[in-house]
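Every number in this text was worked out from the coordinates using simple rules, so none of it is lab data. Every value quoted in this text rests on a predicted model; they were computed, and no experiment measured them. When we count neighbours, we look across all protein chains shown, and the Cβ atoms used for this are built from the backbone with ideal geometry, even at glycine.
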Amino acid sequence: MRPLTYAGVFIVIATTASAGGWLLRGREALARHDAPTAALSAKVQEVERELRDLRREKELARGAAESKVELAQPGKTAEPSKPEGRDAEQMTQAQRSELISARLDQQFEADNEDRSWKDCTEREITSAVGESLPRSKLEDLRCRGSICRMTFTHQSAEAAQEFSGTLAHMRAFASEVVIRNVGTDAEPRSIVYLARSGHPLDMPAD
Amino acid sequence: MKNHIRTSLVASALALPVFGAIPAHAVEDTVYPAIMCLEEGIDTGAFNRSEYRITRTGVGNGTGRLLCPIARMTCGTSYDSGFGDPVRATGFRAYVHTYRTENSGDLGCRLISKNYDGSTIHLGDTGFAPPGQNEMEIYTTSSCRSFYILSCTMPQNTSTTYAKIFAYQVRE
């Protein structure tokens, strides 16, 4: 009788443990897949497709360049030089920035409007920026229900740097923020996305 | 009795790997002394460092902001679910060991990640140190193509109020 009881206890422990483990795993899988899958729209897919095409083109161009070098110097094997590697990294950074913008723009467009939050936040931002960022100008500001999108111009590249440092510590921008530096050194501009407290920005995975 | 003990041990050993899946663990847990932090912009001498803390004195102007380096130790496989499949880390956490007195003014910190070319900057939620407590927790999403910084703004000390940062701890 006793061995049967022990076997019963063992089966109960093992079954409970396995069920717990699989439940946990399932929950993790759901958490990982739910948000991104639901959020991917045609715009994001388009950007991602463009990125894939760019990478393919880059690979083809690199292959063609290597073939040229091999034809010119049959005895030597062509190796990618360091600047090429850095350029490739820069390109990836630019592509990633584009993807972030596309996803955040999509989140902004899909966001439901909350009139009271929108009006209150727009007033707060306009007032805070006017007081704290004298060398930057708020050109455009739109809030919806849980996200705001704004565009700034800066008097100089130095003013653009100062802008990022100051904005990071302003009460009006205390929740999650993404700043994209666009434009040129001569005419620097920034696009800023601000999430409502407790509402995360839809950042892509690396 | 012996059989009972043996059976219990075998059952526990078999169940452990499955229960072991519950606590996901961070692979990096690095503590930095606060004296690694530097004044943002041109150093005005507003901050006073010692072997155990950094604080903002009444001397100097500047922005009152500190930039503290964070070495990104890992990316992509920070957590293990216990089933052998790596799970991508979605964020990282910092604990700022600090102290400020009542009415000293805000001591706020946030985690910042920047693309290597500086073109995109991500700011996590700002955390504010409560008076009389010695730890502030902040969290942000992780990125495999960025570098990380902790940025804190500190109130200026007076004859009766003060704020200090002793250390900061990063869990990836």
Chain lengthening between A:ARG142 and A:SER127 when straightened (0.36 nm per residue, less Cα-Cα): 4.0 nm
Expressed as a whole number, the average count of other chain Cβ atoms within 10 Å around the Cβ atoms of B:109-116 is 4
For the stretch B:139-144, 3J(HN,Hα) per residue [Karplus equation, 6.51 cos²θ - 1.76 cosθ + 1.60, θ = phi - 60°, Hz, x = Gly/Pro]: 9, 8, 6, 9, 9, 7
Which order do B:VAL170, B:VAL59 fall in if you start with the one that has the fewest other Cβ atoms within 10 Å? B:VAL59, B:VAL170
When only C-alpha pairs under 8 Å and at least 6 residues apart count, what is the relative contact order of the stretch B:23-171, in percent? 33
What net charge is computed for the residues neighbouring A:THR153, neighbours being all others with C-beta under 9 Å from the C-beta of A:THR153, Lys and Arg scored +1, Asp and Glu -1? 0
Just add up the charged neighbours of B:HIS97: K/R +1, D/E -1, any other residue whose Cβ is under 14 Å from the Cβ of B:HIS97. +2
Using a 10 Å cut-off on Cβ to Cβ distances, tally the other chain neighbours for every residue of A:168-181 and report the average as a whole number. 6
Counting only other chains, and only Cβ atoms inside 10 Å, what mean value do you get across the residues of B:46-57? 0
For the stretch A:150-156, take each phi angle, set θ = phi - 60°, evaluate the Karplus expression 6.51 cos²θ - 1.76 cosθ + 1.60, and give the result in whole Hz per residue in order, putting x for glycine and proline. 9, 10, 10, 10, 10, 5, 7
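Please compute the net charge surrounding B:LEU38, taking Lys and Arg as +1 and Asp and Glu as -1 over other residues with Cβ under 12 Å from its Cβ.
Summing Lys and Arg as +1 and Asp and Glu as -1 gives -1.
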